[in-house]
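A short worksheet on the structure shown next.
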Amino acid sequence: MAHRVHNFGAGPAALPLPVLEQVRDELIDFRGAGLSILEASHRGAQYSAVHRETTEALAELLGLGTGPDASHAIVYMGGGARTQFGLVPMNLLTPGRQAAYVVTGRWAEMAAAEAAKRGDARVVWSSAESGFDHVPAVDQVGCDPGAAYLHYTSNNTVVGTQLRETPECGAVPLVCDMSSDLLSRPLDLDRFGLVYAGAQKNLGPAGVTVVIVRKDLLETAPGDLPDTLTYGKMAAKDSLLNTPPVFAIYLVGLVARWLLDRGGLAAAAERSEAKALLLYRAIDDSGGFYRGHARASSRSWMNVTFRLPDERLEARFVEEAAAADLVGLKGHRSVGGIRASIYNAVDLGSVERLVQFMMEFRARHG
Ligand code: PMP
C-alpha cells in the first residue's frame with residue numbers, strides 16, 4: 001500500500017483515493033484506446049466522452065439539465081477563480097450600472113478590487129474591521145436593488161467562515177465565489193445568476209475553473225472582449241472554443257461521479273457537518289487552549305481555523321502533527337494559527353485522528 005498522509009491542505013487539496021486509483025489504472029491505455037487521455041485530441045472520441053460525462057455528472061449533482069432547456073450553462077475556463085474576479089465585471093457590469101460586493105474575506109476584497117477597475121463596484125457589507133471573523137445574516141447583506149449583480153463568497157477559505165444560506169436580493173442576480181464549498185452541500189441554482197469555483201479544493205485538481213451561468217446572463221458582455229473570456233461565446237461552444245484543460249476536466253468528472261455514488265450533495269453536506277462539528281467540539285471543549293478564529297455563528301464546515309496560546313506552540317503543533325502524518329495544517333499567513341481544511345475527500349477517519357492528536361497535544365503542552 002502506498003503511504004498516504006491525512007491531508008488538511010487548503011488547496012490544492014486531498015483527492016479521493018478511488019479517483020486517483022482510477023486515474024492511475026487508465027492513464028497509460030485510456031479505456032482501450034492505446035493512448036493516455038493526456039495525449040488525446042480534445043475533439044476526438046475519447047475526450048469528447050470525458051467532457052460530456054463531466055458535464056452530465058456535475059449537472060446531475062446540481063439538479064440541472066444539460067439540454068437546451070437547462071436554466072444554466074456549465075462552462076470550463078482557465079486562470080483560476082481569481083481570473084473570474086475580473087471576468088465577472090467584464091461580462092456582467094453593463095455601462096451605467098453598479099455592482100454590489102459583500103466583503104467577507106481577502107478573496108472577496110480582491111474580487112471587489114478587480115470590479116472597481118472596470119466600473120462602479122460598491123462594498124455593501126464588510127467585516128474587515130473585525131478581521132473578517134463573521135459573515136452577515138442573509139437579510140443583512142445590504143442588497144442594492146439597482147445593482148447589475150450582487151457578489152459574495154460563500155466560504156472564506158482563509159478565515160474559516162461560511163454563509164450557507166442564500167441571501168435575498170430580489171431580481172438582482174446573485175454571483176457567488178464558491179471556490180471552497182461548491183459540491184459540499186446542496187445548491188438551489190435557481191437562486192443564482194452565476195457561480196464559480198476553482199477546482200482545486202472540492203472538485204478536482206488545479207487548472208480548471210467551473211463557471212455556472214444563468215442563460216440570460218450569457219448575453220450581457222460587450223462585443224470587444226476576447227472570445228475565450230466571454231461566457232456566452234464559451235458556453236455556445238460547450239467550452240471547446242479552444243483546447244480546454246482536459247486532464248483537470250477529466251478528474252472533475254471522476255470526483256463528481258464519486259460524489260454521486262456516495263449519495264450526492266445532501267450526503268456530502270451531512271458528512272461535512274459531522275466532520276466540522278467534531279473539530280469545533282474539540283476546540284470548544286479545550287478549556288480555552290484552542291480558540292476558534294470565526295464567530296461561532298459564522299463557522300465554516302470546510303476550513304476550521306483556530307489559535308493556540310502562542311505562536312511557538314502553534315509552530316510546534318504543525319511540526320508534531322506532520323510527524324504524525326497530519327499535514328497541511330499551518331494557517332494562512334494573514335491569519336496565523338492553524339487551519340484544518342476538511343473538503344469532501346478528507347474522510348471522517350482523518351478528522352478523528354486530528355481530534356485525537358489535538359487532545360494529546362493539549363495534554364502534553366496545556
Ligand atoms: N476564492 C476563494 C474563496 C479561494 O479560496 C481562492 C483560492 N484559495 C480563490 C478565490 C483564488 O483561487 P485561484 O487560485 O484558483 O485563482
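Treat every Asp and Glu Cβ in the range 30-69 as -1 and every Lys and Arg Cβ as +1, leave all other atoms uncharged, and give the resulting dipole magnitude about the Cα centre to the nearest 20 debye. Let's see the in-between values first.
Details: 3 positive and 5 negative charges, 38 e Å.
Dipole of the range 30-69, to the nearest 20 debye: 180 debye.
Size of the dipole of the chain about the Cα centre, Lys and Arg at +1 and Asp and Glu at -1 on the beta carbon, nothing else charged, in debye to 20?
With Lys and Arg at +1 and Asp and Glu at -1, about 580 debye.
If a cysteine in the chain has no other Cys Cβ under 4.7 Å from its own Cβ, put it on the list, ordered by number.
Those would be Cys176, since no other cysteine Cβ in the chain comes under 4.7 Å of theirs.
Using a 10 Å cut-off around each Cβ, can you sort Lys233, Lys201 from fewest to most neighbouring Cβ atoms?
Working: Lys233 16, Lys201 30.
Arranged by neighbour count, lowest to highest, Lys233, Lys201 become Lys233, Lys201.
If you add up the charges near Ala256, with Lys and Arg at +1 and Asp and Glu at -1, over every other residue whose beta carbon is less than 13 angstrom from its beta carbon, what do you get?
On the way: positive: Arg52, Arg257, Arg262; negative: Glu53, Glu56, Glu60, Asp261.
Residues near Ala256 contribute -1 overall.
In the structure displayed, which of Lys117/Lys330; Lys117/Lys237; Lys117/Lys201; Lys117/Lys275; Lys117/Lys215; Lys201/Lys233 lie more than 31 Å apart, Cα to Cα? The partial results should precede the final answer.
Numbers: Lys117/Lys330 33 Å; Lys117/Lys237 29 Å; Lys117/Lys201 28 Å; Lys117/Lys275 40 Å; Lys117/Lys215 26 Å; Lys201/Lys233 27 Å.
Too far apart for the 31 Å limit: Lys117/Lys330; Lys117/Lys275.
Towards the positive end of the charge dipole of the range 265-365, with charges on Cβ (+1 Lys, Arg; -1 Asp, Glu), say which of Leu348, Ala282, Gly331 has the farthest Cα.
Gly331
Could you tell me the relative contact order of the chain? Use alpha-carbon pairs under 8 Å, at least six residues apart, and round to a whole percent. Don't jump to the answer; show the numbers that get you there.
Values: 699 pairs, mean separation 81.1, N = 366.
Averaging sequence separation for qualifying contacts and normalising by length gives 22 percent for the chain.
Ranked by Cβ crowding within 10 angstrom, fewest neighbours first, how are Tyr280, Tyr47, Tyr343 ordered?
Values: Tyr280 19, Tyr47 23, Tyr343 27.
With the fewest neighbours first, Tyr280, Tyr47, Tyr343 line up as Tyr280, Tyr47, Tyr343.
Compute the signed sum of charges (Lys and Arg +1, Asp and Glu -1) over the other residues within less than 11 Å, Cβ to Cβ, of Thr153.
On the way: positive: Arg106; negative: Glu109, Asp177, Asp181.
Spelling it out: positives minus negatives among the neighbours equals -2.
Where does the chain land at 222 nm, in deg cm²/dmol rounded to the nearest 500, when only DSSP H runs of n ≥ 4 count, each adding -39500 (n - 2.57), divided by all residues? If you can, show how the numbers build up before the last one.
Details: 9 runs with 127 residues, N = 366.
Roughly -11000 deg cm²/dmol at 222 nm, from the helical runs in the chain.
What is the order of Thr94, Thr243, fewest Cβ neighbours within 10 Å to most? The partial results should precede the final answer.
Working: Thr94 14, Thr243 11.
By the 10 Å Cβ count, ascending, the order reads Thr243, Thr94.
Lys and Arg at +1, Asp and Glu at -1: add these up for the other residues within a Cβ distance under 13 Å of Met90 and post the number. Show your work: numbers first, answer last.
Values: positive: Lys117, Arg118, Lys233; negative: Glu114, Asp224, Asp227.
Around Met90, the surrounding residues sum to 0.
Of Ile28, Val318, Gly146, which is farthest along the charge dipole of the chain in the positive direction, counting Lys and Arg as +1 and Asp and Glu as -1 at C-beta?
Val318
Mind checking which helices in the chain clear 27 Å along their axis (Cα) and have mean Kyte-Doolittle hydropathy of 0.0 or more, DSSP H runs only?
Working: long enough: 264-284 (30 Å, 0.30).
Correct list, ordered by number: 264-284.
Toward the positive end of the charge dipole of the chain, about the Cα centre and with charges on Cβ (Lys, Arg +1; Asp, Glu -1), which of Gly105, Leu93, Thr66 goes farthest?
Gly105
When the dipole is taken about the Cα centre of the range 13-96, and only Lys, Arg (+1) and Asp, Glu (-1) are charged at their Cβ, what size is it in debye, to the nearest 20? Could the numbers behind the result be given before it?
Working: 5 positive and 9 negative charges, 71 e Å.
Charge dipole of the range 13-96: 340 debye, to the nearest 20.
Taken together, the values in this text are just the output of simple stated rules run on the coordinates, not laboratory data. None of these values were measured; they are calculated from a predicted model. All Cβ positions, glycine included, derive from the backbone under ideal geometry; neighbour counts span all protein chains shown.
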